[in-house]
Amino acid sequence: MFRKLSIVALTAALVAAPLPVLAQSKKDSVVMAMALEPPGLDPTNAAAAAIAEVTLYNIYETLTKINEDGTTSPLLAESWTASPDLKTYTFKLRKGIKFHNGEPFDSAAVKFSFERNAVPTSTNKDKSLFQSFESVAAPDADTVVITLKNSEPNLPFLMGQASASIVEPKSAATNVTQPVGTGPYQLGAWAKGSSMTLTKWADYRNAAAIKLSKVTIRFISDPSAQTAALLSGDVDAFPRVAAQRTIAQFKADPRFTVLVGGSRAKTIVAINHRKKPLDDVRVRRAILAAIDRKAMIDGAVDGFGTPIGSFYVPGAFGFVDTTGINPYDPEKAKKLLAEAGVTTPLELSLKLPPPSYARQGGEIVAAQLAKVGIIAKIENVEWAQWLSQVFAGNGPHNFDLTIVSHVEPFDLVKITEPDYYLGYNNAAFNALYKQIVSTPEEAARAKLLGDAQRMLATDAVSAYMYQPQLITITAKKLKGVWKDVPQYENDFSTWAWE
């Protein structure tokens, strides 16, 4: 009798209970992870790519949008036109857009943003781009006219980068911790060292198209912890995950989608030309001859990379293969050091930022350099230290060698900057680059780009290693995550659960 009552009671309880997951509304939140925590949330004042990974197209928007295939489309600008010499661009802005704080988006905000990026005290990573503007005019609230000192065929693309984010003038000074943009998300909370939450902005102009109401971003730097977080279900998506060694496990697991995509990134062993004897091209060539690119690709990223010989990658306009200019040849490395009058062992510092490709790659580079008489003393540093000690434009450039992946697609201009961390400063290259940006004809410009790549390889400006292939792992039912990465970004406006 008791058993019958129990069954009846259980049946009644099941009927009264809420319907199972199948009848519930679709998930509208996601937990994403990334390796590095951004040092702040203003992409216009710092170089760290992690800032753009959080903010670009989510909190802030730009005049144009760079799509997964590398093309550009309208965003805050609804259209644009260029003069035949590619020195004047006119952008027509979308009307009726607001910033998160209620202030209107208009041409005055664009003019303010770009002129702010160009001032001498600016720390914008692309300051030289904005300083190449002859003027930024706002003839009316919905029109911006940019006049350049030289032709710039790539300007629509460059206007879609995080460094060109449009900021609201009154709030610009506090964007590092209290970001204000026009994008579909706002900063919800930030637990430093752990996680960050973005929440959907109800007043976004196209809010109905944004499917995720909340995005939680966790910061997980250790590759083993990254894998564990995905396998446990604690994380729904991990773009650019360090899962090269466990990729087969994820491919075999039906819970996951594995995306292996291309990039425009360039992983290099950077050489400080300000330090002796590294100012001698023979010593730099010796360093390049001592490093086996294939061993570097296999050891640092488990084969997920394509060898490069210059500061340019396959797939980019005007690319030429320069890997044959500085091939792996340890005996030649020894001869070059002797020709340069270097007494071995030569001790050099090798400062490594946190990413696994740098730390693992550093061990390989040190071992290979040791075989030719160069002792690379490894010093692991945190990201903030690397930015301030190695990369910052105002110095101190306190390093001999370092390993880093430059992720921006069109950054040859960086080599021309006198305070750039490499310290190359070659008048011939600067003149060649000026010729490139002054040449609107594509065929002629492609030839000049080839000349530039060969010059950088011949001068052994850096030890150019590989173009990384980037791995993204997501939960099977999460859609809209990009496979290819023309720049580091996570556009949450395209993400949704099926």
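The values are calculated or read from the model by the stated rules, or taken from the named source; none is laboratory data. Here the structure is a predicted model, which is why all the values come from computation and not from measurement. Every residue, glycine among them, receives a Cβ derived from its backbone with ideal geometry; neighbour counts consider all protein chains shown. Areas reflect the complete protein model, heavy atoms only, side chains present, ligands, DNA and RNA absent. Shrake-Rupley method; radii C 1.70, N 1.55, O 1.52, S 1.80 Å.
Brief remarks follow.
- Antiparallel DSSP beta bridges within the chain, as percent of all bridges there, nearest 5: 75 percent
- Across all Cα pairs in segment 332-417, the calculated P(r) in 10 Å bins from zero up to the longest distance comes to 16, 39, 33, 11 percent per bin.
- Rounded to the nearest 20 debye, dipole of the chain from Cβ charges on Lys, Arg, Asp, Glu: 1060 debye
- Rg/Rh for segment 269-399, where both radii come from Cα atoms and Rh is the Kirkwood radius: 0.96
- Coupling constants for segment 427-435 follow from the phi torsions by the Karplus curve (6.51 cos²θ - 1.76 cosθ + 1.60, θ = phi - 60°), and in residue order they are 4, 5, 5, 4, 5, 5, 5, 4, 5 Hz; glycine and proline get x.
- Put a plus charge on the Cβ of each Lys and Arg, a minus charge on the Cβ of each Asp and Glu, and nothing anywhere else: the dipole of segment 449-498 about its Cα centre is then about 320 debye.
- Per residue accessible area in Å² of segment 275-370, where ligands, DNA and RNA are left out and the probe is 1.4 Å: 40 Å²
- Global dimensions of segment 434-492 from alpha-carbon coordinates: Rg and Dmax equal 18.0, 49 Å.
- When Rg and the Kirkwood Rh are both derived from Cα coordinates, the Rg/Rh ratio for segment 174-241 amounts to 1.03.
- Counting every alpha-carbon pair across segment 90-187, the share separated by more than 23 Å comes to 22%.
- Accessible area (Å², per residue) of segment 187-238, counting only protein heavy atoms and a probe of 1.4 Å: 45 Å²
- Take the convex hull of the alpha carbons in segment 302-347; its mean projected area over all directions comes to 5.2 nm².
- Shape parameters for the chain, alpha-carbon atoms, Rg then Dmax in Å: 25.0, 100
- Phi angles of segment 206-213 translate, via the Karplus equation with coefficients 6.51, -1.76, 1.60 and θ = phi - 60°, into HN-Hα couplings of 10, 4, 5, 7, 8, 8, 9, 8 Hz per residue; Gly and Pro are given as x.
- Selected from VAL54, SER194, GLN360, residue furthest toward positive end of dipole (the chain; charges at beta carbon): SER194
- Segment 35-79 pair-distance distribution - Cα-Cα, 10 Å bins, rounded %: 28, 46, 24, 2
- A P(r) calculated from all alpha carbon pairs of segment 341-498, with 5 Å bins opening at zero, reads 1, 7, 12, 15, 16, 15, 13, 10, 6, 3, 1, 0, 0 percent.
- Area accessible to solvent at MET296, 1.4 Å probe radius, in Å²: 0 Å²
- Debye log10 I(q)/I(0) at q = 0.18, 0.25, 0.29 Å⁻¹ for segment 268-316, Cα point scatterers: -0.68, -1.00, -1.10
- With the Kirkwood sum run over all distinct C-alpha pairs, segment 198-324 has a hydrodynamic radius of 18.7 Å.
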